[in-house]
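The values are calculated or read from the model by the stated rules, or taken from the named source; none is laboratory data. Quantities reported herein were computed from a predicted structural model and do not represent experimental measurements. A quick note on method: Cβ atoms are made from the backbone with ideal geometry, for glycine too, and the neighbour counts reach across all protein chains shown. Keep in mind that these areas ignore ligands, DNA and RNA; they rest on the heavy atoms of the full protein, side chains included. Shrake-Rupley method; radii C 1.70, N 1.55, O 1.52, S 1.80 Å.
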2 protein chains.
Amino acid sequence: MADEDSKSVFPRGPQPNDVRALPDRIDRELLRLLEHDARMPNNALAEAVGIAPSTCLGRIRALRERGVIRGYHADVDPAATGHPLQAMISVRLQSDARSRLAEFVERVGRLPEVRDVYFLAGDDDYMLRVATADSSALRDFVMTLNTHPDVAATRTSLIFDHIRPPQTY
Amino acid sequence: MADEDSKSVFPRGPQPNDVRALPDRIDRELLRLLEHDARMPNNALAEAVGIAPSTCLGRIRALRERGVIRGYHADVDPAATGHPLQAMISVRLQSDARSRLAEFVERVGRLPEVRDVYFLAGDDDYMLRVATADSSALRDFVMTLNTHPDVAATRTSLIFDHIRPPQTY
DNA sequence: TGTGAAACTATCGGAAC
DNA sequence: GTTCCGATAGTTTCACA
(Lines give C-alpha, C1' and ligand atoms only; values in the text may rest on other atoms or scores of the structure.)
Protein backbone atom coordinates (compact mmCIF):
# COMPACT_ATOMS: atom_id res chain seq x y z
CA MET A 1 0.00 0.00 0.00
CA ALA A 2 1.74 3.15 -1.15
CA ASP A 3 0.71 5.28 1.75
CA GLU A 4 -0.56 8.50 0.30
CA ASP A 5 -1.85 9.30 3.78
CA SER A 6 1.65 9.76 5.12
CA LYS A 7 1.00 13.48 5.22
CA SER A 8 -1.74 12.95 7.79
CA VAL A 9 0.18 11.19 10.52
CA PHE A 10 -0.18 14.38 12.48
CA PRO A 11 -3.78 14.71 13.59
CA ARG A 12 -3.84 18.47 13.21
CA GLY A 13 -3.57 20.04 9.81
CA PRO A 14 -1.20 22.91 9.21
CA GLN A 15 -1.93 24.75 12.37
CA PRO A 16 -5.00 26.91 11.74
CA ASN A 17 -3.11 29.36 13.87
CA ASP A 18 -5.90 29.44 16.40
CA VAL A 19 -6.83 32.85 15.17
CA ARG A 20 -9.87 33.26 17.35
CA ALA A 21 -9.57 36.97 17.20
CA LEU A 22 -6.48 38.81 16.17
CA PRO A 23 -6.46 42.06 18.09
CA ASP A 24 -8.15 44.94 16.31
CA ARG A 25 -6.48 48.24 15.59
CA ILE A 26 -7.07 49.66 19.06
CA ASP A 27 -5.83 46.54 20.82
CA ARG A 28 -2.71 46.56 18.71
CA GLU A 29 -2.10 50.15 19.67
CA LEU A 30 -2.52 49.24 23.34
CA LEU A 31 -0.05 46.38 22.96
CA ARG A 32 2.47 48.70 21.38
CA LEU A 33 2.11 51.22 24.21
CA LEU A 34 2.33 48.60 26.95
CA GLU A 35 5.31 46.97 25.34
CA HIS A 36 7.03 50.32 25.44
CA ASP A 37 5.96 51.17 28.99
CA ALA A 38 4.11 48.57 31.00
CA ARG A 39 3.48 51.00 33.87
CA MET A 40 1.52 53.50 31.82
CA PRO A 41 -1.67 54.27 33.80
CA ASN A 42 -4.95 53.03 32.45
CA ASN A 43 -6.44 56.46 31.94
CA ALA A 44 -3.40 57.61 29.99
CA LEU A 45 -3.66 54.52 27.81
CA ALA A 46 -7.35 55.17 27.26
CA GLU A 47 -6.73 58.74 26.19
CA ALA A 48 -3.85 57.75 23.93
CA VAL A 49 -6.01 55.35 21.94
CA GLY A 50 -9.19 57.42 22.17
CA ILE A 51 -11.49 55.23 24.27
CA ALA A 52 -13.02 55.46 27.73
CA PRO A 53 -10.91 54.29 30.69
CA SER A 54 -13.41 51.60 31.61
CA THR A 55 -13.37 50.24 28.07
CA CYS A 56 -9.62 50.37 28.07
CA LEU A 57 -9.49 48.45 31.32
CA GLY A 58 -11.76 45.77 29.89
CA ARG A 59 -9.72 45.44 26.73
CA ILE A 60 -6.43 45.12 28.56
CA ARG A 61 -7.87 42.57 30.94
CA ALA A 62 -9.21 40.57 28.01
CA LEU A 63 -5.81 40.68 26.32
CA ARG A 64 -4.26 39.41 29.51
CA GLU A 65 -6.82 36.63 29.93
CA ARG A 66 -6.56 35.51 26.33
CA GLY A 67 -2.82 35.22 26.79
CA VAL A 68 -2.00 37.92 24.28
CA ILE A 69 -0.26 39.75 27.09
CA ARG A 70 1.76 37.11 28.93
CA GLY A 71 3.07 39.34 31.67
CA TYR A 72 4.72 42.59 32.64
CA HIS A 73 8.43 42.56 33.38
CA ALA A 74 10.99 45.07 34.56
CA ASP A 75 14.05 45.16 32.33
CA VAL A 76 17.00 45.01 34.73
CA ASP A 77 20.50 45.84 33.52
CA PRO A 78 22.61 42.74 34.19
CA ALA A 79 25.72 44.89 34.53
CA ALA A 80 24.14 46.86 37.35
CA THR A 81 23.75 43.69 39.37
CA GLY A 82 27.29 42.56 38.87
CA HIS A 83 26.93 40.49 35.70
CA PRO A 84 28.31 42.68 32.93
CA LEU A 85 29.48 39.89 30.63
CA GLN A 86 26.78 38.38 28.45
CA ALA A 87 27.08 35.56 25.97
CA MET A 88 25.07 33.40 23.62
CA ILE A 89 25.86 29.73 23.87
CA SER A 90 24.59 27.29 21.27
CA VAL A 91 24.43 23.73 22.50
CA ARG A 92 24.25 20.52 20.52
CA LEU A 93 23.50 17.37 22.46
CA GLN A 94 24.70 13.85 21.80
CA SER A 95 22.15 12.32 19.48
CA ASP A 96 21.26 9.66 22.04
CA ALA A 97 20.58 12.39 24.60
CA ARG A 98 17.87 14.17 22.62
CA SER A 99 15.15 12.28 24.43
CA ARG A 100 16.35 13.82 27.69
CA LEU A 101 16.50 17.32 26.25
CA ALA A 102 13.62 18.74 28.27
CA GLU A 103 14.95 17.33 31.50
CA PHE A 104 18.46 18.48 30.74
CA VAL A 105 17.35 21.99 29.91
CA GLU A 106 15.28 22.22 33.03
CA ARG A 107 18.41 21.71 35.09
CA VAL A 108 20.38 24.17 33.00
CA GLY A 109 17.60 26.73 33.37
CA ARG A 110 18.05 26.67 37.11
CA LEU A 111 21.63 27.83 36.88
CA PRO A 112 21.67 31.47 37.96
CA GLU A 113 23.70 32.63 34.95
CA VAL A 114 20.97 31.67 32.49
CA ARG A 115 18.64 34.47 31.32
CA ASP A 116 17.00 32.84 28.28
CA VAL A 117 16.66 29.31 27.03
CA TYR A 118 15.60 28.83 23.40
CA PHE A 119 14.66 25.36 22.19
CA LEU A 120 15.76 25.11 18.60
CA ALA A 121 15.27 23.07 15.47
CA GLY A 122 18.36 23.26 13.35
CA ASP A 123 22.04 22.58 13.76
CA ASP A 124 21.81 23.14 17.49
CA ASP A 125 19.40 21.82 20.10
CA TYR A 126 19.12 24.92 22.19
CA MET A 127 20.62 28.27 22.84
CA LEU A 128 21.34 29.98 26.13
CA ARG A 129 21.73 33.63 26.87
CA VAL A 130 23.83 33.96 29.99
CA ALA A 131 25.13 36.83 32.10
CA THR A 132 28.23 36.42 34.25
CA ALA A 133 30.40 38.51 36.52
CA ASP A 134 33.54 38.15 34.43
CA SER A 135 35.27 36.02 31.85
CA SER A 136 36.40 33.45 34.34
CA ALA A 137 32.84 32.89 35.49
CA LEU A 138 31.81 32.51 31.87
CA ARG A 139 34.62 30.06 31.26
CA ASP A 140 33.52 28.03 34.27
CA PHE A 141 29.98 27.97 33.03
CA VAL A 142 30.94 26.81 29.53
CA MET A 143 33.28 24.25 31.04
CA THR A 144 30.47 22.87 33.14
CA LEU A 145 28.32 22.50 30.04
CA ASN A 146 31.06 20.92 27.97
CA THR A 147 31.98 18.33 30.54
CA HIS A 148 28.41 17.08 30.79
CA PRO A 149 28.19 13.69 29.06
CA ASP A 150 25.04 14.62 27.11
CA VAL A 151 26.65 17.67 25.49
CA ALA A 152 28.23 17.10 22.10
CA ALA A 153 29.35 20.65 21.40
CA THR A 154 28.91 24.26 22.40
CA ARG A 155 29.63 27.50 20.58
CA THR A 156 30.01 30.67 22.61
CA SER A 157 29.68 34.22 21.30
CA LEU A 158 30.11 37.24 23.52
CA ILE A 159 27.29 39.76 23.37
CA PHE A 160 28.49 43.32 22.88
CA ASP A 161 25.13 44.93 22.68
CA HIS A 162 21.47 44.09 22.58
CA ILE A 163 18.79 46.08 20.79
CA ARG A 164 15.06 45.52 21.00
CA PRO A 165 13.51 47.43 18.13
CA PRO A 166 10.18 49.08 18.91
CA GLN A 167 7.39 46.82 17.72
CA THR A 168 4.84 47.95 15.20
CA TYR A 169 1.74 45.80 15.54
CA MET B 1 57.84 44.48 12.67
CA ALA B 2 56.48 41.95 15.12
CA ASP B 3 54.20 44.23 17.09
CA GLU B 4 54.34 43.16 20.73
CA ASP B 5 52.24 46.19 21.64
CA SER B 6 49.22 44.90 19.79
CA LYS B 7 47.61 44.01 23.11
CA SER B 8 47.52 47.64 24.21
CA VAL B 9 45.74 49.27 21.30
CA PHE B 10 42.69 49.59 23.52
CA PRO B 11 43.20 52.45 25.98
CA ARG B 12 41.01 51.04 28.75
CA GLY B 13 42.11 48.08 30.79
CA PRO B 14 39.69 45.32 31.70
CA GLN B 15 36.61 47.37 32.37
CA PRO B 16 36.58 48.43 36.05
CA ASN B 17 32.94 47.46 35.94
CA ASP B 18 31.76 50.88 37.10
CA VAL B 19 30.49 49.37 40.30
CA ARG B 20 29.35 52.57 41.94
CA ALA B 21 26.89 50.82 44.15
CA LEU B 22 25.62 47.34 43.62
CA PRO B 23 22.06 47.16 44.93
CA ASP B 24 21.71 46.05 48.53
CA ARG B 25 19.65 43.11 49.65
CA ILE B 26 16.35 44.98 49.64
CA ASP B 27 16.94 46.50 46.21
CA ARG B 28 17.78 43.10 44.83
CA GLU B 29 14.56 41.74 46.24
CA LEU B 30 12.65 44.60 44.62
CA LEU B 31 14.33 43.89 41.30
CA ARG B 32 13.35 40.25 41.53
CA LEU B 33 9.73 41.12 42.27
CA LEU B 34 9.49 43.72 39.52
CA GLU B 35 11.10 41.43 37.00
CA HIS B 36 8.42 38.91 37.79
CA ASP B 37 5.54 41.39 37.76
CA ALA B 38 6.25 44.96 36.75
CA ARG B 39 2.72 46.08 37.64
CA MET B 40 2.92 45.06 41.27
CA PRO B 41 1.66 48.07 43.27
CA ASN B 42 4.15 50.06 45.26
CA ASN B 43 2.57 49.34 48.61
CA ALA B 44 2.53 45.59 47.94
CA LEU B 45 6.20 45.79 47.04
CA ALA B 46 6.91 47.72 50.21
CA GLU B 47 5.17 45.16 52.35
CA ALA B 48 6.88 42.27 50.58
CA VAL B 49 10.33 43.63 51.37
CA GLY B 50 9.44 45.08 54.78
CA ILE B 51 9.82 48.83 54.26
CA ALA B 52 7.44 51.80 54.16
CA PRO B 53 5.71 52.57 50.85
CA SER B 54 7.38 55.97 50.56
CA THR B 55 10.81 54.44 51.09
CA CYS B 56 10.00 51.79 48.55
CA LEU B 57 8.96 54.44 46.05
CA GLY B 58 12.23 56.28 46.55
CA ARG B 59 14.29 53.14 46.10
CA ILE B 60 12.53 52.13 42.93
CA ARG B 61 12.82 55.61 41.52
CA ALA B 62 16.53 55.60 42.31
CA LEU B 63 16.96 52.23 40.62
CA ARG B 64 15.23 53.62 37.59
CA GLU B 65 17.33 56.78 37.53
CA ARG B 66 20.60 54.91 38.01
CA GLY B 67 19.67 52.78 35.02
CA VAL B 68 19.48 49.56 37.01
CA ILE B 69 15.88 49.30 35.88
CA ARG B 70 15.93 50.15 32.19
CA GLY B 71 12.20 49.99 31.63
CA TYR B 72 8.98 48.10 32.11
CA HIS B 73 7.67 46.07 29.22
CA ALA B 74 4.59 44.00 28.49
CA ASP B 75 5.44 40.55 27.20
CA VAL B 76 3.23 40.09 24.14
CA ASP B 77 2.75 36.66 22.62
CA PRO B 78 3.93 36.92 19.00
CA ALA B 79 1.56 34.14 17.98
CA ALA B 80 -1.41 36.11 19.24
CA THR B 81 -0.60 38.93 16.87
CA GLY B 82 -0.25 36.70 13.85
CA HIS B 83 3.46 35.86 14.05
CA PRO B 84 3.62 32.33 15.41
CA LEU B 85 6.87 31.30 13.75
CA GLN B 86 10.02 32.42 15.53
CA ALA B 87 13.60 31.88 14.51
CA MET B 88 17.16 32.71 15.48
CA ILE B 89 19.29 33.85 12.59
CA SER B 90 23.05 34.14 12.95
CA VAL B 91 24.62 36.47 10.45
CA ARG B 92 28.22 36.70 9.34
CA LEU B 93 29.17 39.70 7.25
CA GLN B 94 31.75 39.94 4.51
CA SER B 95 34.99 40.89 6.21
CA ASP B 96 35.17 44.15 4.27
CA ALA B 97 31.67 45.05 5.47
CA ARG B 98 32.46 44.93 9.20
CA SER B 99 33.03 48.66 9.31
CA ARG B 100 29.44 49.21 8.19
CA LEU B 101 28.04 46.78 10.76
CA ALA B 102 26.28 49.37 12.89
CA GLU B 103 24.70 51.03 9.91
CA PHE B 104 23.68 47.70 8.44
CA VAL B 105 22.13 46.49 11.65
CA GLU B 106 20.23 49.70 12.10
CA ARG B 107 18.45 49.05 8.83
CA VAL B 108 17.82 45.42 9.71
CA GLY B 109 16.42 46.45 13.09
CA ARG B 110 13.75 48.46 11.37
CA LEU B 111 12.34 45.41 9.64
CA PRO B 112 9.11 44.53 11.44
CA GLU B 113 10.00 40.85 11.82
CA VAL B 114 12.98 41.60 14.05
CA ARG B 115 12.43 41.31 17.81
CA ASP B 116 16.01 41.23 19.10
CA VAL B 117 19.36 42.17 17.66
CA TYR B 118 22.46 40.88 19.44
CA PHE B 119 25.85 42.22 18.45
CA LEU B 120 28.31 39.39 18.84
CA ALA B 121 31.98 38.67 19.11
CA GLY B 122 32.68 35.20 17.82
CA ASP B 123 32.06 33.23 14.67
CA ASP B 124 29.12 35.44 13.81
CA ASP B 125 28.70 39.21 13.73
CA TYR B 126 25.19 39.38 15.04
CA MET B 127 22.15 37.37 15.79
CA LEU B 128 18.51 38.18 15.11
CA ARG B 129 15.43 36.85 16.78
CA VAL B 130 12.57 37.20 14.35
CA ALA B 131 8.85 36.40 14.41
CA THR B 132 6.95 35.78 11.19
CA ALA B 133 3.47 34.85 10.10
CA ASP B 134 4.50 31.59 8.43
CA SER B 135 7.38 29.72 6.88
CA SER B 136 7.12 31.55 3.59
CA ALA B 137 7.45 34.90 5.34
CA LEU B 138 10.50 33.55 7.16
CA ARG B 139 11.97 32.27 3.91
CA ASP B 140 11.45 35.69 2.34
CA PHE B 141 13.15 37.37 5.27
CA VAL B 142 16.18 35.08 5.16
CA MET B 143 16.34 35.46 1.40
CA THR B 144 16.40 39.22 1.77
CA LEU B 145 19.31 38.93 4.19
CA ASN B 146 21.24 36.46 2.07
CA THR B 147 20.98 38.47 -1.10
CA HIS B 148 22.44 41.55 0.56
CA PRO B 149 25.98 42.07 -0.72
CA ASP B 150 27.41 42.63 2.78
CA VAL B 151 26.13 39.29 4.11
CA ALA B 152 28.56 36.41 3.91
CA ALA B 153 26.41 33.74 5.53
CA THR B 154 23.34 33.17 7.67
CA ARG B 155 22.30 30.23 9.79
CA THR B 156 18.63 29.89 10.71
CA SER B 157 17.23 27.84 13.58
CA LEU B 158 13.54 27.64 14.30
CA ILE B 159 12.56 28.40 17.88
CA PHE B 160 10.22 25.82 19.38
CA ASP B 161 10.01 27.30 22.79
CA HIS B 162 11.44 30.06 24.91
CA ILE B 163 11.93 29.95 28.66
CA ARG B 164 12.96 32.84 30.87
CA PRO B 165 14.05 31.34 34.17
CA PRO B 166 13.11 33.38 37.23
CA GLN B 167 16.07 35.49 38.25
CA THR B 168 17.68 35.24 41.65
CA TYR B 169 19.57 38.42 42.37
C1' DT C 1 13.22 55.98 56.90
C1' DG C 2 8.53 56.51 58.45
C1' DT C 3 3.83 59.18 59.00
C1' DG C 4 -0.09 61.25 57.49
C1' DA C 5 -2.90 63.95 54.28
C1' DA C 6 -4.02 65.19 49.63
C1' DA C 7 -4.26 64.03 44.86
C1' DC C 8 -4.70 60.72 41.74
C1' DT C 9 -6.02 56.05 39.77
C1' DA C 10 -8.38 51.70 39.35
C1' DT C 11 -12.48 49.46 39.35
C1' DC C 12 -17.26 48.43 39.35
C1' DG C 13 -22.47 48.87 38.50
C1' DG C 14 -25.76 50.84 35.84
C1' DA C 15 -27.63 53.60 32.18
C1' DA C 16 -27.29 54.84 27.42
C1' DC C 17 -25.91 54.52 22.63
C1' DG D 1 -21.14 44.79 21.47
C1' DT D 2 -18.95 49.54 23.12
C1' DT D 3 -18.97 53.80 25.71
C1' DC D 4 -19.81 57.02 29.49
C1' DC D 5 -20.75 58.41 34.22
C1' DG D 6 -20.42 58.54 39.14
C1' DA D 7 -19.08 56.44 43.54
C1' DT D 8 -15.97 53.90 46.27
C1' DA D 9 -11.78 51.71 47.46
C1' DG D 10 -7.20 51.69 46.87
C1' DT D 11 -2.67 53.77 45.41
C1' DT D 12 0.82 57.19 44.63
C1' DT D 13 3.06 61.09 46.08
C1' DC D 14 4.93 64.80 48.77
C1' DA D 15 5.96 67.77 52.84
C1' DC D 16 7.63 67.18 57.20
C1' DA D 17 8.94 64.82 61.50
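If A:Met88 satisfies every condition in (1) exposed (fewer than 15 other Cβ atoms within 10 Å of the Cβ); (2) closer than 18 Å to B:Arg164 by Cβ but one, which is the exception?
With (1) exposed (fewer than 15 other Cβ atoms within 10 Å of the Cβ); (2) closer than 18 Å to B:Arg164 by Cβ applied to A:Met88, the lone miss is (1).
Out of curiosity, is B:Ala97 more than 16 Å from DNA strand D (Cβ to nearest atom), within 22 Å of B:Met143 (Cβ to Cβ) and touching a Ser or Thr at 6+ places or on another chain (Cβ under 7 Å)? Quick ask: steps written out before the conclusion?
Working: more than 16 Å from DNA strand D (Cβ to nearest atom): yes; within 22 Å of B:Met143 (Cβ to Cβ): yes; touching a Ser or Thr at 6+ places or on another chain (Cβ under 7 Å): no.
Answer is no for this residue.
Those residues that are facing chain A (nearest Cβ under 7 Å) and outside any strand (DSSP E or B), I need them from segment B:144-169; list them, please.
B:Arg164, B:Pro165, B:Thr168, B:Tyr169
Among the residues that make up segment B:94-115, is at least one of them of a type in the set (S, T, N, Q) and surrounded by 15 or more Cβ atoms within 10 Å (Cβ to Cβ)? Spell out the reasoning first.
Going through segment B:94-115, the residues of a type in the set (S, T, N, Q) turn out to be B:94-95, B:99.
Of the ones still in play, those that are also surrounded by 15 or more Cβ atoms within 10 Å (Cβ to Cβ) are none.
No, the conditions are met nowhere in segment B:94-115.
Exactly one of (1) at the interface with another protein chain (Cβ under 9 Å from one of its Cβ atoms); (2) within 22 Å of B:Asp161 (Cα to Cα); (3) more than 16 Å from DNA strand D (Cβ to nearest atom) is unmet by B:Arg110. Its number?
Among (1) at the interface with another protein chain (Cβ under 9 Å from one of its Cβ atoms); (2) within 22 Å of B:Asp161 (Cα to Cα); (3) more than 16 Å from DNA strand D (Cβ to nearest atom), the lone unmet condition for B:Arg110 is (2).
Look at segment B:67-104 and say how many of its residues are free of Cβ contacts under 8 Å to residues at least 40 places away in the same chain and in a helix (DSSP H, G or I). Show your work before the answer.
Taking segment B:67-104 first, the residues free of Cβ contacts under 8 Å to residues at least 40 places away in the same chain are B:67, B:69-77, B:79-81, B:96, B:98-99, B:101-103.
The next check asks that each one be in a helix (DSSP H, G or I); those that pass are B:79-81, B:96, B:98-99, B:101-103.
Matching residues across segment B:67-104 total 9.
I'm trying to understand the selection: among the residues of segment A:57-79, which are open to solvent by less than 20 Å² (accessible area, probe 1.4 Å), within 12 Å of DNA strand D (Cβ to nearest atom) and over 30 Å from B:Ala62 (Cα atoms)? Write out each step before concluding.
So the first thing to find is which residues in segment A:57-79 are open to solvent by less than 20 Å² (accessible area, probe 1.4 Å), and the list is A:60, A:63, A:68-69, A:71-72, A:74, A:76, A:78.
If we keep only those that are within 12 Å of DNA strand D (Cβ to nearest atom) as well, we get A:60, A:63.
The one that is open to solvent by less than 20 Å² (accessible area, probe 1.4 Å), within 12 Å of DNA strand D (Cβ to nearest atom) and over 30 Å from B:Ala62 (Cα atoms): A:Leu63.
Do you know which of the residues in segment B:36-95 that are within 11 Å of chain A (Cβ to nearest Cβ), more than 16 Å from DNA strand C (Cβ to nearest atom) and among the β-branched types (Val, Ile, Thr) is nearest to A:Asp77 (Cα to Cα)?
Among residues in segment B:36-95 that are within 11 Å of chain A (Cβ to nearest Cβ), more than 16 Å from DNA strand C (Cβ to nearest atom) and among the β-branched types (Val, Ile, Thr), the one nearest to A:Asp77 (Cα to Cα) is B:Ile69.
Within segment A:40-56, work out how many residues are on the phi < 0 side of the Ramachandran plot, near DNA strand D (Cβ under 9 Å from one of its atoms) and surrounded by fewer than 14 Cβ atoms within 10 Å (Cβ to Cβ).
Summing the residues that are on the phi < 0 side of the Ramachandran plot, near DNA strand D (Cβ under 9 Å from one of its atoms) and surrounded by fewer than 14 Cβ atoms within 10 Å (Cβ to Cβ) in segment A:40-56 gives 4.
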